[in-house]
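Trainee: Handing you a structure now.
The values are calculated or read from the model by the stated rules, or taken from the named source; none is laboratory data. Everything numeric in this text was worked out from a predicted model, so none of it was measured. We place every Cβ from the backbone using ideal geometry, glycine too, and count neighbours over all the protein chains shown.
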2 protein chains.
Amino acid sequence: MIDVAFLGSDVRPAATAVVIDVLRATTTITMALASGYERVLVAGGLDQALGLRAEGRVLAGERDCERPPGFDLGNSPEDTLKPLGPELILATTNGAPAIVGAVAACDEVLLACLLNEDAVVRELATRSGDILILCAGTNGSVTVEDTYLAGRLSAAMDGPKTDAALIAEAVAAAYPEPIDALDVSAGAKQLHVVGLGSDVAYCAQVSTTEVVPRVARTMGEAAVLEAALINV
Amino acid sequence: MIDVAFLGSDVRPAATAVVIDVLRATTTITMALASGYERVLVAGGLDQALGLRAEGRVLAGERDCERPPGFDLGNSPEDTLKPLGPELILATTNGAPAIVGAVAACDEVLLACLLNEDAVVRELATRSGDILILCAGTNGSVTVEDTYLAGRLSAAMDGPKTDAALIAEAVAAAYPEPIDALDVSAGAKQLHVVGLGSDVAYCAQVSTTEVVPRVARTMGEAAVLEAALINV
């Protein structure tokens with residue numbers, strides 16, 4: 001069965017979970033691994049991220065969309081395109097709890113964004129068992145952009161689908177171009193307000209990388225992401 | 001703000017809540033009031049419904065979609081078209097907790113189905129403050145049919161809308177006719193399996209009545225529904 005959960009807190013058991021936080025956590029993690037970071041440590045809060053700081057670890061994150069004081073980088077995907085060390089710590093409010101929750105409920109956890117869409121679809125075609133596409137949402141609210149990508153992934157797969165998957169596919173069909181879906185979202189509007197509107201266009205690019213982040217292990221409340229071995 | 005919650009358990013505060021359980025609770029309650037029942041007592045479980053039984057109260061409900069032993073009627077809207085007494089008790093698994101939860105969080109609670117769609121839109125146009133369209137869902141799962149009607153209601157209203165409302169509107173736009181949205185749903189398939197497929201077509205009728213059920217009060221875990229005074 002192919003299922004979609006609209007919020008990270010709605011996670012349920014499945015063989016494979018695909019976590020989505022288009023604006024911006026899963027996009028940033030994907031591009032960090034694509035750019036040469038060996039792994040990304042995803043932490044829920046700023047304090048937790050600071051606690052993971054160590055030699056060779058670059059600290060990235062956001063508070064109200066912007067780079068917090070003392071952090072090396074913000075949460076913009078473009079901030080990670082030149083690796084500053086082997087490991088990236090990313091503090092993300094909505095992505096981290098969704099990822100950690102998925103690890104607790106599901107056998108394997110992958111991450112998707114528009115930039116690795118085709119690669120994720122090919123990875124999923126090699127898996128058996130139930131697939132849960134888990135939208136992180138924002139602060140407990142459902143988002144258009146996560147649901148939109150969930151629908152694109154569902155539509156690209158064969159198999160029985162839940163009502164939630166059909167709802168997501170309707171959202172995917174409603175917007176001709178990814179940027180249209182992102183632009184109507186509350187998350188994109190907030191990024192424009194704080195001067196990070198260019199992140200929206202960046203996150204709307206489709207299938208520019210083959211990297212599919214996969215949870216290798218957890219460290220307490222944090223998750224360790226590495227690039228999945230590509231099935232070609 | 002116009003907002004949509006995809007599950008009864010996702011209720012949040014609003015001036016006005018509109019609860020939807022297209023298949024079949026809110027359709028049955030609407031048609032019972034339209035047919036002449038003075039009020040409908042909505043109970044969560046069969047035992048709770050049996051506990052409300054009294055002189056002049058007709059007992060309706062379902063277990064696995066079918067009429068339970070000892071009940072006067074099932075949960076088909078057409079069962080209520082000839083009133084057998086002044087009050088109907090309706091045992092409904094998903095509708096009742098959504099309605100009672102909405103009463104706890106919101107100032108006023110109305111019920112919508114396709115059959116009273118236009119009347120609900122006109123009622124809402126007279127209200128001020130935030131509107132929460134609350135889909136009951138089925139056993140904790142999101143349903144296409146409830147989200148579809150939520151989207152139709154949202155699309156018929158002016159005002160700022162949340163991402164969840166935009167998602168529902170995409171679902172409304174995806175199906176040319178109401179019966180198309182209902183037919184793809186897991187709930188409709190289950191009704192066909194148990195021989196109640198005619199309920200699906202009945203619940204897909206649009207704006208055949210002016211009655212808008214409104215919660216007048218609660219009785220413990222049950223809600224008392226009466227027809228709202230129509231604003232014309």
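Trainee: Only one of these conditions is not met by B:Val224: (1) modelled with pLDDT under 95; (2) under 14 Å from the mean Cα position of the chain (by Cα); (3) more than 14 Å from every other protein chain (Cβ to nearest Cβ). Which number is it?
Mentor: So B:Val224 meets the others, but not (1).
Trainee: Would you please name the residue that is surrounded by the most Cβ atoms within 10 Å (Cβ to Cβ), looking only at residues in the stretch B:114-153 that are in a loop (DSSP other than H, G, I, E, B) and of a type outside the set (S, T, N, Q)?
Mentor: As a first pass, look at the stretch B:114-153 and keep what is in a loop (DSSP other than H, G, I, E, B): B:126-130, B:136-137, B:139-140, B:142-143.
Within this subset, residues satisfying the condition of being of a type outside the set (S, T, N, Q) are B:127, B:129-130, B:136-137, B:140, B:142.
Values: B:Arg127: 15, B:Gly129: 11, B:Asp130: 19, B:Ala136: 29, B:Gly137: 24, B:Gly140: 11, B:Val142: 25.
The selected residue is B:Ala136.
Each row is one residue, and each column tells you yes or no for (1) surrounded by fewer than 24 Cβ atoms within 10 Å (Cβ to Cβ); (2) modelled with pLDDT of 95 or more; (3) not basic (Lys, Arg).
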site: B:Cys65; (1), (2), (3): yes, no, yes
site: B:Pro86; (1), (2), (3): yes, yes, yes
site: B:Leu90; (1), (2), (3): no, yes, yes
site: B:Ala96; (1), (2), (3): no, no, yes
site: B:Gly101; (1), (2), (3): yes, no, yes
site: B:Cys106; (1), (2), (3): no, yes, yes
site: B:Leu110; (1), (2), (3): no, yes, yes
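Trainee: Then there is this: Out of A:Ala49, A:Ala32, report the one residue that is of a type in the set (Gly, Ala, Ser) and either farther than 17 Å from A:Thr92 by Cα or more than 13 Å from the chain's Cα centre (by Cα) (or both). Working first, answer last.
Mentor: Details: A:Ala32 fails: either farther than 17 Å from A:Thr92 by Cα or more than 13 Å from the chain's Cα centre (by Cα) (or both).
None of the other options fit; the residue is A:Ala49.
Quick grid of which residues meet (1) of a type in the set (Gly, Ala, Ser); (2) under 19 Å from the mean Cα position of the chain (by Cα); (3) closer than 19 Å to A:Thr16 by Cα:
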{"position": "A:Ile131", "(1), (2), (3)": "no, yes, yes"}
{"position": "A:Cys135", "(1), (2), (3)": "no, yes, yes"}
{"position": "A:Gly151", "(1), (2), (3)": "yes, yes, yes"}
{"position": "A:Thr162", "(1), (2), (3)": "no, no, yes"}
{"position": "A:Leu166", "(1), (2), (3)": "no, no, yes"}
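Trainee: Moving on to the next point. Out of A:Leu149, A:Leu115, report the one residue that is among the aliphatic types (A, V, I, L, M), within 14 Å of chain B (Cβ to nearest Cβ) and under 28 Å from B:Ala174 (Cβ atoms). Outline the logic, then answer.
Mentor: Values: A:Leu115 fails: within 14 Å of chain B (Cβ to nearest Cβ).
Matching residue, one of A:Leu149, A:Leu115: A:Leu149.
Trainee: If you don't mind, another one. Going through B:Gly36, B:Gly44 one at a time, which residue ends up being modelled with pLDDT under 95 and either within 14 Å of chain A (Cβ to nearest Cβ) or surrounded by fewer than 23 Cβ atoms within 10 Å (Cβ to Cβ) (or both)?
Mentor: Unique residue meeting the criteria: B:Gly44.
Trainee: Right, something else. Evaluate the stretch A:51-61: report whether one residue or more is at pLDDT below 95 and closer than 26 Å to A:Ala186 by Cα.
Mentor: Yes.
Trainee: Go through the stretch B:103-127 and report how many residues are in contact with a helix residue (DSSP H, G or I) (Cβ under 8 Å, 6 or more places away or on another chain) and within 15 Å of B:Val224 (Cβ to Cβ).
Mentor: Step one: list which residues in the stretch B:103-127 are in contact with a helix residue (DSSP H, G or I) (Cβ under 8 Å, 6 or more places away or on another chain), which gives B:109-117, B:120-121, B:124.
Those still in the list that are within 15 Å of B:Val224 (Cβ to Cβ) too: B:109-111.
Number of matching residues: 3.
Trainee: Sticking with this one: Could you count how many residues in the stretch B:194-232 are in a helix (DSSP H, G or I) and free of Cβ contacts under 8 Å to residues at least 40 places away in the same chain?
Mentor: First, pick out the residues of the stretch B:194-232 that are in a helix (DSSP H, G or I): B:197-203.
Among the residues that remain, those that are also free of Cβ contacts under 8 Å to residues at least 40 places away in the same chain are: B:197, B:201.
Number of matching residues: 2.
Trainee: With the condition kept exactly as written, say whether any residue in the stretch A:122-131 is within 13 Å of another protein chain (Cβ to nearest Cβ) and in contact (Cβ under 8 Å) with a residue 24 or more places away in the chain. Let's see the steps before the verdict.
Mentor: Within the stretch A:122-131, the subset within 13 Å of another protein chain (Cβ to nearest Cβ) is none.
No, the stretch A:122-131 contains no residue that is within 13 Å of another protein chain (Cβ to nearest Cβ) and in contact (Cβ under 8 Å) with a residue 24 or more places away in the chain.
Trainee: Sticking with this one: Please verify whether the stretch A:189-211 includes one or more residues that are within 14 Å of chain B (Cβ to nearest Cβ), aliphatic (A, V, I, L, M) and touching a strand residue (DSSP E or B) at 6+ places or on another chain (Cβ under 9 Å).
Mentor: no
Here is a yes/no grid of residues against (1) of a type in the set (A, V, I, L, M); (2) crowded, with 20+ Cβ neighbours inside 10 Å:
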{"residue": "A:Ala155", "(1), (2)": "yes, no"}
{"residue": "A:Pro160", "(1), (2)": "no, no"}
{"residue": "A:Glu169", "(1), (2)": "no, yes"}
{"residue": "A:Ile179", "(1), (2)": "yes, no"}
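Trainee: Can you pull out the residues in the stretch B:154-168 that are more than 10 Å from chain A (Cβ to nearest Cβ) and assigned to a helix (DSSP H, G or I)?
Mentor: Matches in the stretch B:154-168: B:Ser154, B:Ala155.
Trainee: Restricting the search to the stretch B:14-29, which residues are hydroxyl-bearing (Ser, Thr, Tyr) and under 14 Å from B:Thr93 (Cα atoms)? Write out each step before concluding.
Mentor: Taking the stretch B:14-29 first, the residues hydroxyl-bearing (Ser, Thr, Tyr) are B:16, B:26-28.
B:Thr26, B:Thr28, listed by residue number.
Trainee: Restricting attention to the stretch B:169-179, which residues are part of a helix (DSSP H, G or I) and away from chain A (no Cβ under 11 Å)? Show your work before the answer.
Mentor: In the first step, residues of the stretch B:169-179 are kept if they are part of a helix (DSSP H, G or I); the result is B:169-174, B:178-179.
The answer is B:Pro178, B:Ile179.
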